[in-house]
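The next block holds one structure in the form of structure tokens; read it before the comments.
The values are calculated or read from the model by the stated rules, or taken from the named source; none is laboratory data. All values derive from a computational prediction rather than experimental measurement. Don't worry about glycine lacking a Cβ; one is built from the backbone with ideal geometry, like all the others, and counts go over all protein chains shown.
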Amino acid sequence: MSDGRFNPSIDHTVIRNIIHAAYIPSLMDMNEKLFFIVALLILVITACTPESSPTEEPSNMDDQPAATQSSMDLTSAQRAAITAISGNLDLPAEKITLVSTEAVDWPDSCLGVREEGLDCAQATTRGFRILLQANGKDVEYHTNEDGTQIRPATVLLTWKREGGIAGFCDFMTIYLSGEVHGSSCKGGQYIEQRLMDVLAKEEIASLDEWVKSYGSLSIDASDPKGVSDRMVVTLTFTGLGSQETASSSFQQELRNFAQDLYQRLSFSLK
């Protein structure tokens with residue numbers, strides 16, 4: 001019996017046999033009768049003992065899904081930083097690594113990140129320095145305590161154009177985390193955008209190649225000193241590569257890239 005319950009058709013027969021054995025003719029002596037009754041009782045016990053279930057073989061571990069790592073408990077500031085770079089780079093949040101978080105008292109409302117054209121109140125702001133890794137790049141964000149204020153802090157490129165007959169005063173900063181900020185002193189204009197919103201995919205791909213190839217570059221395309229209505233044009237580039245010098249043709253290409261990008265931003269500034 002596999003379920004441990006009595007089967008009436010078997011039990012009744014066994015019981016009848018036991019009762020019948022009690023009235024076996026005197027031809028069978030007492031020892032034989034006792035042996036016969038004990039044998040029948042053994043049959044009853046055996047028939048009513050549940051059958052043991054076969055032991056299940058352990059399943060192949062290769063067929064089991066890999067253990068899922070529990071989600072890290074993120075603070076609001078950490079979550080804000082990850083959300084920002086995820087949107088800037090169009091990268092799933094699970095592909096972004098939180099490297100470190102450090103509590104900091106920032107010296108101003110700009111969280112220690114100063115840019116031309118950006119007004120910053122000189123007031124201590126408690127917050128965090130958050131280091132993330134995305135697409136093989138380490139990028140830094142500064143936040144306030146609850147993450148409602150956040151600023152990128154890993155500068156890739158700065159460009160400025162001042163003076164000239166037109167009286168330029170234009171500034172632009174590109175961050176490795178995918179933001180571009182521009183300003184003009186005319187009217188106190190300032191704008192923040194994502195690179196992916198103002199550059200084509202091919203242009204972003206070219207910029208990524210420059211980041212991989214070049215290290216720190218400084219380019220000065222200003223007019224000579226003493227020239228009337230002198231225009232000052234400077235550019236700094238801080239890539240992750242090893243090349244610390246660039247050909248004149250690449251310098252021109254980089255200047256053209258920066259000026260064209262600022263022109264696209266300037267449509268929003270007007």
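Among the residues of region 104-151, the ones that are farther than 14 Å from ALA80 by Cα and part of a loop (DSSP other than H, G, I, E, B) come to 20 in all. If you go through region 215-236 one residue at a time, how many are within 23 Å of PHE257 (Cβ to Cβ) and not small (Gly, Ala, Ser)? Summing the residues that are within 23 Å of PHE257 (Cβ to Cβ) and not small (Gly, Ala, Ser) in region 215-236 gives 10. Within region 224-240, residues that are among the charged types (D, E, K, R) sit with their Cβ atoms under 7 Å from residues that are assigned to a strand (DSSP E or B), at 6+ positions apart or across chains, in these pairs: ASP229/GLY163; ARG230/GLY163.
Could you please let me know if THR234 is buried (at least 16 other Cβ atoms within 10 Å of the Cβ), touching an Asp or Glu at 6+ places or on another chain (Cβ under 6 Å) and of a type in the set (Val, Ile, Thr)? Spell out how you get there, then give the answer.
Working: buried (at least 16 other Cβ atoms within 10 Å of the Cβ): no; touching an Asp or Glu at 6+ places or on another chain (Cβ under 6 Å): yes; of a type in the set (Val, Ile, Thr): yes.
So THR234 does not fit the description; no.
Put simply, of GLU145, GLU116, GLU179, GLU202 the only residue that is touching a Gly at 6+ places or on another chain (Cβ under 7 Å) and not aromatic (Phe, Trp, Tyr) is GLU145.
For (1) closer than 26 Å to PHE128 by Cα; (2) assigned by TED's automatic domain parsing to the domain that holds THR101; (3) of a type in the set (Asp, Glu); (4) touching a Cys at 6+ places or on another chain (Cβ under 7 Å), each residue gets a yes or a no:
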position	(1), (2), (3), (4)
GLU140	yes, yes, yes, no
GLY164	no, no, no, no
PHE168	no, no, no, no
PHE171	no, no, no, no
SER184	no, no, no, yes
LEU199	no, no, no, no
SER213	no, no, no, no
ALA221	no, no, no, no
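Can you work out which of the residues in region 161-192 that are of a type in the set (S, T, N, Q) and surrounded by 21 or more Cβ atoms within 10 Å (Cβ to Cβ) is farthest from LEU240 (Cα to Cα)? Ranking the qualifying residues of region 161-192, first place goes to SER184.
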